[in-house]
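This report refers to the structure that appears directly beneath it.
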Amino acid sequence: MKIENRLEEIGIELPPPVKPVANYVTTVQTGNLVFTSGHGPVNMSGELEKGQLGTDMTIEEGYQSARLVGLGLISTLKDTLGDLDRIKRVIKVVGFVNSTPDFLDHPKVVNGVSDLFVEVFGDKGKHARSAVGMVQLPGGIPVEVEVIVEIED
């Protein structure tokens, strides 16, 4: 339970794992890879954050929203795997940013989740990544992220 100790050490409390809102599952495992569905920023009260970069959110607010998404992803992975120490490596992060057409700092927003993964998992949290802009995301959320992780048996 080293990762759980690390979370406690840095003062991170995980939100409840998300539940599907349609006909899909939150994770799929094939071999030693786990793919997550897209997650949005759900606060500890279970409410979705809303906003759009370039209109009513700053880069820092978007960064914090992406960090919140990362916490939700970690919670979902813990729920799926039972033990976060089974994560051998975060392989890929794909971040979608709800933004105006002229917003250009998508990577700075998605850094919120990337920085969190390195803070929590150390070198195992370093990953390949895409950060792309969308004119809108479901429910008006500012950030949606999906990840692929490699796990130990």
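Give the calculated FRET efficiency between residue 6 and residue 56 to the nearest 0.05, with a Förster radius of 35 Å applied to their Cβ-Cβ distance. My answer for the efficiency is 0.55. Proximity of backbone amide H atoms, modeled 1.01 Å from N, is registered between residue 133 and 97 at under 5 Å, excluding neighbours fewer than 5 places apart on the same chain. Among the lysines of the chain, pairs that are 8 or more positions apart or on different chains and have alpha carbons within less than 25 Å of each other number 22. Computed over the chain, the per-residue total of -39500 (n - 2.57) for DSSP H runs of n ≥ 4 gives a 222 nm mean residue ellipticity of -10000 deg cm²/dmol, rounded to 500. Per-residue Cβ neighbour counts within 10 Å put 134, 44, 57 in the sequence 44, 134, 57, beginning with the fewest.
Computed from the C-beta positions of residue 102 and residue 29, the FRET efficiency with R₀ = 25 Å rounds to 0.05. For the chain, the longest principal axis of the C-alpha atoms and the axis of helix 59-81 are separated by about 30°. Dipole of the stretch 39-129 computed with +1 at Lys/Arg Cβ and -1 at Asp/Glu Cβ about the Cα centre; of 68, 82, 109, farthest Cα towards the positive end is 82.
Read-outs throughout are calculated quantities, based only on the coordinates presented, and are distinct from any laboratory measurement. Since we're looking at a predicted model, the values are computed, not measured. In this analysis, Cβ positions are derived from the backbone assuming ideal geometry, glycine residues included, and neighbour counts consider all displayed protein chains.
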